[in-house]
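Read the figures in this text as sums done on the coordinates, not as results from a lab. As the structure is a prediction and not an experimental result, all values here were calculated from the model. Every residue, glycine as well, gets a Cβ built from its backbone with ideal geometry; the counts of neighbours run over all protein chains shown.
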């Protein structure tokens, strides 16, 4: 049995969980989400305080699905109770971000500004100097995807370190050209 899959998922106070035939609906203080699961691999049960994912060992990859569905259901429970955040940092002279309505405008060294439409379910905040970006929401996958898309507009380069990076990301620096003498 999967080690991750057999760990019960605790249900926080103020979170309602409804288990249907092929999906789990979770409603909490920050919103509501639902996650589908394949009933031929796992079964989902709940008691007062925990959700249990039980493996049906009839198929070859049921162990993998057991851990996968436990992680996905745990993420939606955590998302509706606490939410998720990713922080980005813009490095470079003149590089900055600005927020106007549902659009994020990035000035990152191109001849034009990049305008990014913010999808529903995600909120973006820009710091006071325009170099810190906070991406937050209740869906972990969507928050990570939006942060990754923003980073992909100008990933950090190894020579000067300019670009958009995650706040805790380490960029390995290179030396550059050595002078010929």
Sorting 65, 145 on the 10 Å Cβ count, fewest up front, what's the list?
145, 65
Among 32, 111, 128, which one moves the most in a GNM of the chain with springs linking Cα atoms closer than 10 Å?
111
Could you please rank 112, 89, 66, placing first whichever residue has the fewest other Cβ atoms within 10 Å of its Cβ?
112, 89, 66
If N is the number of residues in region 84-166, what value comes out of its Cα radius of gyration divided by 2.2 N^0.38 Å?
1.02
Of all the C-alpha pairs in region 41-117, what % are more than 18 Å from each other?
63 percent
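At 0.36 nm per residue, minus the direct Cα-Cα distance, what do residue 167 and residue 3 gain on full extension? Give it in nm, one decimal, please. List each step's numbers first, then the result.
Details: separation 164, 0.36 × 164 = 59.04 nm, distance 3.10 nm.
Full extension of this stretch gives 55.9 nm more.
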Over region 9-81, the quotient of the Cα radius of gyration and 2.2 N^0.38 Å is 1.06
Taking the 0 to 90 degree range and rounding to the nearest ten, how far is the long axis of helix 140-152 tilted relative to the main principal axis of the chain, both from C-alpha atoms?
20 degrees
Rounded to two decimals, the Debye log10 I(q)/I(0) of the chain (Cα scatterers, no solvent) at q = 0.16, 0.17 Å⁻¹ is -0.94, -0.99
Give the Cα extents of region 1-49 along the principal axes, in whole Å, largest first.
32, 20, 16
Which one of 18, 132, 58 has the biggest mean-square fluctuation once the chain is modelled by GNM with Cα springs under 10 Å?
58
Tilt of helix 62-81 relative to the longest C-alpha principal axis of the chain, in degrees (0 to 90, nearest 10)?
70 degrees
Which ordering of 23, 154 is given by a fewest-first count of other beta-carbon atoms within 10 Å?
23, 154
Residue-normalised 222 nm signal for the chain, counting each DSSP H run of n ≥ 4 as -39,500 (n - 2.57), nearest 500 deg cm²/dmol, is -6000 deg cm²/dmol
